[in-house]
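Please read the structure below before turning to the comments.
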C-alpha cells in the first residue's frame, strides 16, 4: 500500500522535496493553508492569527480581477505561519509535493471540495455551482515548470477537466515517487462580498 506525505516548500529556493537546506515542511492532519493579502500579524514567522486578524488581512475586493498574493502554511505543531514563497502566479515548479513511498494502482489526482464528505462544490470560491468559475487554479509541475502567468485548471470536484492529474497524465506510479503542483487563487471581478472559505484539498489514488 502506498503511503502519502504532503509537503510545502516554505523557502525561496525552487528545489525538489528533500533537497538539503530547503525548508520543506510535511503537513500534519491539523495543518491548513491560509491565503491572504498579508499584514503585520499575518506574516511569515508570526503566531497563527485569530479570525479577526485574518479578516483584517483579507484581500480587498476592487471590482477588478486579482490574484491572491500571499500563501501560508499554518503549522499547528509550531504555532507559526510559514510563508509558501513560491506558491501563486509564479513560474515555480517545486511548491507543493506529494511523496509516495510505493507504487500506485491509479494516477494520483488533486481535487477541491466544499468539505470532507466530497459530495458538493457549491461554495462561492469553487464557482458557486459552476465548477468552471472556481477561483482555485492549479497546475501539475511534475514534468516541468508551469511558465510565467500560467492559467491552470479551475479546480472543483471530480468532473471532467476540474482536477489535476499529478503525474501529468502519465498514469499510475510504477514505484515510489514524488509529484508536484502549484496553486493560486484568482478572485473574479464579480466578487462583491467577503467570505471565510474553507474548502478541502483532496488527493485521490488507489493502491496495489
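Every number here is computed from the coordinates shown, using simple stated rules; none is lab data. Keep in mind that this is a model prediction, so the values were computed, not measured. Cβ placement follows ideal geometry from the backbone for every residue including glycine, while neighbour counts extend to all protein chains displayed.
What to note about this one:
- Segment residue 5-residue 55, length gained on full extension (0.36 nm per residue, minus Cα span): 15.0 nm
- Size of the chain as Cα extents on the principal axes (Å, biggest first): 47, 40, 33
- Global form of segment 126-208, assessed from the alpha-carbon gyration tensor, a/c cut-off 1.5: prolate
- GNM result for the chain, Cα springs below 10 Å: residue of 131, 49, 20 fluctuating most strongly: 20
- Residues in segment 149-189 that a label on residue 103 would reach, taking backbone N under 13 Å of a point 7 Å out along Cα→Cβ: 172-177
- Value of D in µm² per second that Stokes-Einstein yields for segment 77-133, Kirkwood Rh from Cα pairs, at 20 °C (1.002 mPa s): 143 µm²/s
- Residues in segment 88-122 that a label on residue 29 would reach, taking backbone N under 16 Å of a point 7 Å out along Cα→Cβ: 116-117
- Peptides 76-85, 60-69 ranked from most to least packed give 76-85, 60-69, packing being the mean of other C-beta atoms within 10 angstrom over each peptide's residues.
- Calculated P(r) of segment 1-100 - Cα pairs past 22 Å, %: 33 percent
- Given R0 = 30 Å, the distance between the Cβ atoms of residue 41 and residue 120 translates into a calculated FRET efficiency of 0.35.
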